[in-house]
1. How about segment 24-41: which of its residues are more than 17 Å from Ser216 (Cα to Cα) and either in contact with a Phe, Trp or Tyr (Cβ under 7 Å, 6 or more places away or on another chain) or free of Cβ contacts under 8 Å to residues at least 60 places away in the same chain (or both)?
2. Considering only residues that are surrounded by fewer than 17 Cβ atoms within 10 Å (Cβ to Cβ) and at pLDDT 95 or above, which ones fall in segment 146-165?
3. Checking Leu194 against (1) free of Cβ contacts under 8 Å to residues at least 40 places away in the same chain; (2) within 16 Å of ligand 2 (Cβ to nearest atom); (3) in contact with a helix residue (DSSP H, G or I) (Cβ under 6 Å, 6 or more places away or on another chain), only one condition comes out false. Which one?
4. If you check Ser216 against the conditions, is it in contact with a helix residue (DSSP H, G or I) (Cβ under 8 Å, 6 or more places away or on another chain), surrounded by 20 or more Cβ atoms within 10 Å (Cβ to Cβ) and in contact (Cβ under 8 Å) with a residue 60 or more places away in the chain?
5. Please name all residue pairs, on different chains or six or more residues apart, with Cβ atoms under 9 Å, provided the first residue is in segment 162-188 and is within 23 Å of Met1 (Cβ to Cβ) and hydroxyl-bearing (Ser, Thr, Tyr) and the second residue is away from ligand 1 (no atom under 16 Å from the Cβ) and part of a loop (DSSP other than H, G, I, E, B).
6. For residues that are within 16 Å of ligand 1 (Cβ to nearest atom) and basic (Lys, Arg), scanning just segment 68-126, find the one that is modelled with the highest pLDDT.
7. Considering only segment 195-208, state which residues are under 16 Å from Asn246 (Cα atoms) and crowded, with 21+ Cβ neighbours inside 10 Å.
8. State the number of residues belonging to segment 54-67 that are touching a strand residue (DSSP E or B) at 6+ places or on another chain (Cβ under 6 Å) and either within 13 Å of ligand 1 (Cβ to nearest atom) or of a type in the set (Lys, Arg) (or both).
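The values are calculated or read from the model by the stated rules, or taken from the named source; none is laboratory data. On a predicted model such as this, the values are computed, not experimentally measured, just so you know. As a convention, Cβ positions derive from the backbone with ideal geometry for all residues, glycine included, and neighbour counts pool all protein chains shown.
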Amino acid sequence: MLTINNLSKSFNIGTENEVNIFKNFNLHIKKSECTAVLGANGCGKSTLFNIISGVITTESGEILLNGKKMNNLKENERAQFIGRVHQDPSKGVSPSLTILENISLSDKKCKKFSLRKLINKNKIEFYKEILQTLDLGLENKLDTEVKFLSGGQRQSLSLLMATINKPELLLLDEHTAALDPKTSRLIMEKTRELIKTQSITTMMISHNVKDAIKFSDRIIMLDRGSIVLDVRNGQITEKDLMDIYNSRNYSSFAEAV
Ligand SMILES: Nc1ncnc2c1ncn2[C@@H]1O[C@H](COP(=O)(O)OP(=O)(O)OP(=O)(O)O)[C@@H](O)[C@H]1O
Ligand SMILES: [Mg+2]
């Protein structure tokens, strides 16, 4: 499904701030699985997502999505295959556009259309139906500008927008981290429903070990750009994972599994 071969990435090459974040990094993600990506701040999780989605380029390495080579595609070209939800609720939406305009834009992503024809009236009922599943009343606010929505409402909308065209890969970068516990739970449940009913292959960055155990099929942990843990869900208890996360004692864990 997603295959990354021999990826290397450095920042600020040749300066005193040089960071060699990935060196000959390899990863294979299976179709329809949800993989949780854990790891301490600065270990390279978001950089990995930026590389996969084409936000930043790499020195070397190959990225294949369902056999298609992504390397030479720009970010907007990859967006037809890859959906992404960020930690910051303002990132996945256009605040000065209405809910209807935002959804229409994501629905038409990568298709040619004129701005005058952005809204397809025949689809409004469908948009209302999917908004209704969020249970936030957004279906009654189609003409409200997104800047007037709360963080949780925006994040729910981002999630719907990222999945509206059933992406081949969904990248969730701490997408509930900025939300209160109740809204975070709601969005995680909605995430599970969306990815399970549509069998969307998903990578989910989180610092929440409970969520990783509850919502993923596989858990990987990064440390300074390397995979130091790679387990199927069920192979590890929440307590063990928490202990490993806190102690960063990966080698003893590798022996234990
Ligand atoms: N555009 C950039 N320019 C320079 N350095 C960068 C850039 N992006 C990331 N880095 C560096 O790469 C390393 C990994 O950063 P990254 O944002 O991927 O970490 P992360 O695992 O997502 O952390 P967090 O949990 O805090 O979000 C850090 O040392 C960071 O400073
Ligand atoms: Mg990050």
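1. Listed by number, the residues that qualify are Asn24, Asn26, Asn41.
2. Lys147, Phe148
3. Only one criterion in (1) free of Cβ contacts under 8 Å to residues at least 40 places away in the same chain; (2) within 16 Å of ligand 2 (Cβ to nearest atom); (3) in contact with a helix residue (DSSP H, G or I) (Cβ under 6 Å, 6 or more places away or on another chain) is unmet by Leu194, namely (2).
4. no
5. Here the result reads Thr163/Gln198; Thr163/Ile200, each pair linking segment 162-188 to a residue that is away from ligand 1 (no atom under 16 Å from the Cβ) and part of a loop (DSSP other than H, G, I, E, B).
6. The extreme case among them is Arg84.
7. Ser206
8. Count: 1.
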